[in-house]
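Working notes for the structure below.
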Amino acid sequence: MKLIPCPICGERAEIEFTYGGQAGLTRPADPAATTEAEWGAFLYARENPKGMHRERWRHIHGCGQFFNLTRDTVTDRFIP
Amino acid sequence: MRFTFDGADYDARPGDTLAAALLRNKIHLMGRSFKYHRPRGVLASGAEEPNALVEIDRGGARRTPNLRATVVEVFDGMVARSQNRTPSLRFDIGAVNDLLAPFLPAGFYYKTFMWPVGAWARLYEPMIRRAAGLGRAPELADTDRYTQRFAHCDVLVIGSGPAGLAAATEAAATGIRVILCDEQAAFGGSLLSDPSEALATQLAALFANPRVTMLSRTTAFGIYGDNLVGLAERVTDHLPDPHPALPRERLWQVRAKRIVVAAGAIERPLVFPGNDRPGIMLGDAARIFARRYGANPGTNAVVVTACDTGADVARDLAASGIVIARLVDLREGFRVTGTHGRLRVSSIEIDRGGTRETIACDFVAMCGGWTPSIHLYSQAGGKPRFDPGIGAFVPGTEVTGLTCVGACAGDMPPAYRAGVAPVNAEGRAFVDWQNDVTAKDLKLATREGFRSIEHVKRYTTTGMATDQGKTSNINALGIVAGALGATIPEIGLTTFRTPYTPVTFGTLAGLSRGDLFDPVRTTPMHEWEMARGAVFEDVGAWKRARYYPRQGEDMHTAVARECRLVRDTVGMFDASTLGKIEVVGPDAAEFMNRVYINAWTKLAPGRCRYGVMLGENGFVMDDGVVGRLAQDRFHVTTTTGGAARVLAFMEDYRQTEWPELRVWLTSATEQWAVIAVQGPRARDVLMPLVDGQDISAVAMPHMSVVEGTMLGIEMRLFRVSFSGELGFEVNVPADYGHAIWEAIWDRVQVYEGGAYGTEAMHVLRAEKGFIIVGQETDGTVTPDDVGLGWAIGKAKKDFIGKRSLTRSGMTGPRRQLVGLRTDDPATVLEEGAQITATIEDRRPLGHVTSAYGGTTVGHSIALAMIEDGRARVGATLQVRMPNGAIPVHVTAPVFYDPEGARLDA
Ligand SMILES: [Zn+2]
């Protein structure tokens, strides 16, 4: 089981966390103004890189905070 | 010490493995092979053993199959049995398979059991299951106890041979925390064949160091993320009469800053015809049996070698008093062309340049080179590289936090470095002893087009089963590479998976069995419900009372009676499992506006609203009644199953999308016990209990909430109804839930009411056409689809999911919620059944989502999601039931009190 570095609590075991998907997606400020394609991409288009992946985690069974981490999907290790 | 093997009585010495004790008693025949039932002896001396699998019977449930005789420690009175033979090891009728071997090539199952299709389940699979498999699984529940421990250390050293001991000693000298584990009973690894004063001194120092934990009989079976290592410690299997307080095995989950793998190397057998007879074993194994255990495998040996190990082995065996009939060095042009001896090897045939010779012997030692044990290194993410000098893979890429030392790192004496040995694939030349895979099988697989070693493995089963190819993988790779004209690195290496050796389910489960298998959530009224004979259903981890059968009542009768109580007088229902979230703060209403489809700004404190929540994709995710307690405080309820998900969803938006909103979310699910009181007499029941609170229809209309006290206890009283009747939901602190329930129960008795369970609750709500999220909805349903379009706050610019409601495909003809009635009022439709327009038309228009008998409306009812359903009201459709189609009439989804007059009573 991996250790995940929570910025508040430090390294804790993976079972204390939930995965939050790709980081950096921002909900459009005015969804009604988005095109069909833009909104569709916001809903469903996600990166699936071999290598560095910026992603969200939440320390749900600890401090409860969401935070972002970079993980190398090849080695499954977090990059500081 | 005495023990029995297949009923015969034998002597053993302290420290013996079962294999060593049997060899000392001149027993070589220890098992029958998996596929051909060929007689087999012991091949190896340790955990890599593929052949000598036995059953140890300690009586009752304590019967363990498939243990390696080379690992099992003998204790006084041990009962051991061979496996995979009928009726006896010496005469096994399964050996007929061996005569049929020409008809049982690689991939035999795939080719033979293809047709007819129906025969697979009826005939082939049961037959194969009977014939296949190794030991007999125990039939009784395991009576032993297993425990689990977590540990942290600076350095975990795996393996206590010379390299591991040196690493542990060096690490311990710096004062850091060290754990040293070894799969064997004693520490020392290869040093155990020559016990020395130096070894004793080194071990004594480690045992005396309080910062060092020494774990013997402990296998490091897997490396998981970030240096978490699974260790399986066998605590009592070697004891004749273990103390009952001791666990049988212990799982250690060790988080190590640094892992030192000192797992050693495994010797490779040689591939030649008839190489599997009892008495033919690895050279190092023969030497260990002779020197460490004083159990000479015979008196007259032939040593066949492909490297300089053979000379070492021959010398050591001779020193133990064994006659070396011949040292056959394959590098000198010799080939082994066959062996003889039915239940034990009696001679071996060799050939050089056409000159054949038969040499009599009573055992054969094979030295085919050494394979570093890179299993743990590979599991940790290391990419091995092929070392042609060793003829095997060695650690390649660096792995953070892990070091390999000694033989497993490829660090071995020159005499042990041998390329992949030459193969004589004629006749029955075995590569994988456990799966009975021969060199011919592997060549056949390549002729049939298999190229990847992973595919060859699956097709021929080489490298599978309990030994995972520890002795066979490299030889198999060499043969496949040769057949394809490729090099071993080009063929690749199969993946090393955990566990390194088999681990019992008991060890992995630990205490998580029986009542401790899964946590159970119960409400404050659970004991009361149990005492009243409630039948429970599982909803998530919750135990919910489904119905309360009286003497002689079946479920149908009990549910019909409970429904009647609610409609006629009053019923009470434990709704404590409902999710509850307190949404508080100056921006609480704004937050609610964004999260729910409803409008909240104008909802006055003291009033409730039925809230619907969508995912960003526009589909219904959850629902529940929300009470506004104050300008800045909402009491939100969610579905029982959705509570945690909804809170996490809200928290995600609060933290990451709208951090500027001053709002806080707190789960209150377990803080409040909830008692629904529903029925025409509900107000009469509660009136004397609410400490003077005015709960009249005027003061407390439908969809209102007050905070007050009940019998002096803090109370939030909601006037809400999920039954269609006049109804309240009493919220009191969970600690008082049972007492308040009893008080309400006494009042309910006055009106000849009673308790009802979730099943009656479902029927009552379906009569009113109230949906259940997850039953009428399935993650593809919009609010309008289930008739909740009215709940959308039309003036709101945005809320989660709003934009998606106008995406293409989200409007226009969609499946909509309707009611269904059958001609026969007693017919209950099948939930999930598909619906078509006619019997002939097979295109599904939708499906039944809820269906109940035992209603209060005089006929069975059903809800369904049907394409353009609201336009089809009045039409007749066909429901495809298991025994044929049934005509149904489409109705509005409300069967009871469509005007809602009873709600406002
Ligand atoms: Zn944290």
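The values are calculated or read from the model by the stated rules, or taken from the named source; none is laboratory data. Computed from a predicted model, the values in this text were never measured in an experiment. Note that each Cβ is placed from the backbone with ideal geometry, even for glycine, and that neighbours are counted across all protein chains shown. Only protein heavy atoms, including side chains, enter the accessible area calculation; ligands, DNA and RNA are left aside. Shrake-Rupley method; radii C 1.70, N 1.55, O 1.52, S 1.80 Å.
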Output for the range B:558-582, where each listed residue is within 12 Å of B:TYR548 (Cα to Cα) and in a helix (DSSP H, G or I): B:ALA558, B:VAL559, B:ALA560, B:ARG561, B:GLU562, B:CYS563
The range A:26-37, subset surrounded by fewer than 11 Cβ atoms within 10 Å (Cβ to Cβ) and at the interface with chain B (Cβ under 10 Å from one of its Cβ atoms), residue nearest to B:THR656 (Cα to Cα): A:THR26
Residue under evaluation B:VAL313, criteria (1) open to solvent by less than 10 Å² (accessible area, probe 1.4 Å); (2) closer than 25 Å to B:SER160 by Cβ; (3) in contact (Cβ under 8 Å) with a residue 60 or more places away in the chain, criterion not met: (3)
Those residues of the range B:362-386 which are part of a loop (DSSP other than H, G, I, E, B) and open to solvent by 10 Å² or more (accessible area, probe 1.4 Å), in sequence order: B:ASP362, B:ALA380, B:GLY381, B:LYS383, B:PRO384
Of residues in the range B:720-758 being surrounded by fewer than 24 Cβ atoms within 10 Å (Cβ to Cβ) and among the acidic types (Asp, Glu), the one nearest to B:VAL848 (Cα to Cα): B:GLU752
Qualifying residue in the range B:351-360 (condition: among the β-branched types (Val, Ile, Thr), in contact (Cβ under 8 Å) with a residue 40 or more places away in the chain and open to solvent by less than 50 Å² (accessible area, probe 1.4 Å)): yes
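Every residue, every condition in (1) modelled with pLDDT under 95; (2) open to solvent by 20 Å² or more (accessible area, probe 1.4 Å), yes or no:
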| site | (1), (2) |
| --- | --- |
| B:PRO813 | yes, yes |
| B:LEU820 | no, no |
| B:ASP823 | no, yes |
| B:ALA837 | no, yes |
| B:ARG842 | yes, yes |
Residue count for the range A:38-60, restricted to those that are at the interface with chain B (Cβ under 9 Å from one of its Cβ atoms), away from the ligand (no atom under 16 Å from the Cβ) and open to solvent by 50 Å² or more (accessible area, probe 1.4 Å): 1
Which listed residue, of A:CYS9, A:CYS63, is within 12 Å of another protein chain (Cβ to nearest Cβ) and within 19 Å of B:GLN655 (Cα to Cα): A:CYS63
Failed condition for B:PRO825, given (1) outside any strand (DSSP E or B); (2) within 41 Å of the chain's Cα centre (by Cα): (2)
Helices (runs of 4 or more DSSP H) contained in the range B:451-531 and holding at least 3 residues of a type in the set (A, V, I, L, M) and over 28 Å from B:VAL54 (Cβ atoms): B:473-484
Failed criterion for B:ALA795 (all others in (1) open to solvent by 50 Å² or more (accessible area, probe 1.4 Å); (2) at pLDDT 95 or above hold): (2)
Out of B:ARG277, B:ARG287, B:ARG268, B:ARG255, sole residue that is open to solvent by 10 Å² or more (accessible area, probe 1.4 Å), in contact with a strand residue (DSSP E or B) (Cβ under 7 Å, 6 or more places away or on another chain) and closer than 25 Å to B:ASN475 by Cβ: B:ARG277
Cβ-Cβ under 8 Å pairs, at least 6 apart or on other chains, the range A:68-80 side more than 10 Å from every other protein chain (Cβ to nearest Cβ), far side open to solvent by 60 Å² or more (accessible area, probe 1.4 Å) and assigned to a loop (DSSP other than H, G, I, E, B): A:THR73/A:LYS50
First in the range B:801-814 and facing another protein chain (nearest Cβ under 8 Å), second anywhere and assigned to a loop (DSSP other than H, G, I, E, B), Cβ under 6 Å, 6 or more apart: B:SER804/B:ASN617; B:SER804/B:GLY618
Residue within the range B:619-630 that is touching a helix residue (DSSP H, G or I) at 6+ places or on another chain (Cβ under 7 Å) and of a type in the set (Asp, Glu) present: yes
Residue match in the range B:230-251 (condition: under 30 Å from the mean Cα position of the chain (by Cα), within 14 Å of chain A (Cβ to nearest Cβ) and at pLDDT 95 or above): yes
Hey, A:ALA23 in contact with a His (Cβ under 9 Å, 6 or more places away or on another chain), within 12 Å of chain B (Cβ to nearest Cβ), of a type in the set (Gly, Ala, Ser) and more than 12 Å from the ligand (Cβ to nearest atom) or not: yes
Test: A:ILE79 is touching a strand residue (DSSP E or B) at 6+ places or on another chain (Cβ under 7 Å) and more than 16 Å from the ligand (Cβ to nearest atom): yes
Selection count, the range B:588-624, where residues are open to solvent by less than 40 Å² (accessible area, probe 1.4 Å) and of a type in the set (D, E, K, R): 3
Residue check for B:ARG458: at pLDDT 95 or above, surrounded by fewer than 21 Cβ atoms within 10 Å (Cβ to Cβ) and within 28 Å of the chain's Cα centre (by Cα): no
Test set (1) away from the ligand (no atom under 16 Å from the Cβ); (2) part of a strand (DSSP E or B); (3) closer than 24 Å to B:VAL254 by Cα - A:ARG12 fails condition number: (1)
